[in-house]
Amino acid sequence: MWQESGTCTVNGRTYVIAPNGFYPRAVSQTDSAELSKLCDDFTYLGRVVGKALIDNRILDLTFSEPFYRWLLGTHEKMGLAAIRDIDEVLHSSLKQVEIFALKKEAVLKQEDLTPERKESLIKQITDENGATLDDLCLDFVLPGTDIELTAGGHNVALSIDNVEEYLCAVVNYTLREGVRKQMEAMRQGFSSVMPLSIYNSSTLTKCLNFSVELVSVCGLKKSSVRIYSPITGTRVLLLL
């Protein structure tokens, strides 16, 4: 359900670690029973959050900045930097790939070079360890999943020629396309209780953000999710 930076175990239960707050895990947006159930969960969560605000109740659940941007409809402007707020490991990996894109851009901007010389220099681009993009053995599949970022993505290798397209595709699917239906469901659930239009990013964050780091994933069974609060040391069962 959630994008994770790692997991830990507390009293025999496994929890997602999201130091900067929670964000939906990118999944295939093709209609399926699994996606339908997931959207139902987010719709209900939206109602819970909206009702908590109306009743002035505290939810031990911290959302990330990109999550709020989705709620408020400003998500289309998010880029690679926003990945850091939801998955530091993925962000670090993409920054390594970005090095190649930046070096390529620098070569292309050198007006004193011939096209042939530019092409030659671009093919020689390596990282600080002398590795090329080919050495990374990556393809156009969303990292950590089997979701293809383009038609036949498993057979499209990442190279210096398509590095920009790869970065854009991973960022776009992680932040937008892979979570679109979940977040639309969240917005629908929230809006069914109270209008989102009365909030901006600052006020919504202040209303909802509390210092909590762990949310159960393995506790998700049929129609419930257990939430653990390191503040109070208690668990709350949300019926979904």
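The values are calculated or read from the model by the stated rules, or taken from the named source; none is laboratory data. All figures in this text were calculated on a predicted structure; none of them were measured in a lab. Cβ atoms come from the backbone with ideal geometry, glycine included; neighbour counts cover every protein chain shown. The area values use the complete protein model at the heavy-atom level, side chains included, leaving out ligands, DNA and RNA. Shrake-Rupley method; radii C 1.70, N 1.55, O 1.52, S 1.80 Å.
List of remarks:
- Oblate is the label for the range 32-76, because the ratio a/c of its alpha-carbon gyration tensor axes (a ≥ b ≥ c) is 1.5 or higher and a/b is not greater than b/c.
- Restricting the range 76-120 to GluC sites (Glu not before Pro) that sit in a DSSP loop and have at most 12 other Cβ atoms within 10 Å of their own Cβ leaves 111.
- For the residues 166, 44, a 1.4 Å probe over the protein chains yields an accessible-area ranking, largest first, of 44, 166.
- Interchain or long-range residues, amide H under 5 Å from residue 17's placed H: 5, 6, 7, 8
- Accessible area of the range 21-100 belonging to carbon and sulfur atoms, whole % at 1.4 Å probe: 50
- Nearest-0.05 FRET efficiency for residue 191 and residue 168, computed from C-beta distance (R0 25 Å): 0.25
- Two-site FRET efficiency, residue 32 against residue 155, from Cβ-Cβ distance with R₀ of 41 Å, rounded to 0.05: 0.95
- Probe 1.4 Å, accessible area per residue of the range 1-144, Å²: 53
- Cα gyration tensor, the range 1-84 - rounded (a/c under 1.5), prolate or oblate: rounded
- Solvent-accessible surface (1.4 Å probe) assigned to residue 95 amounts to roughly 90 Å².
- Once you reduce the range 138-163 and the range 96-137 to the center of their Cα atoms, the two points are 19 Å from each other.
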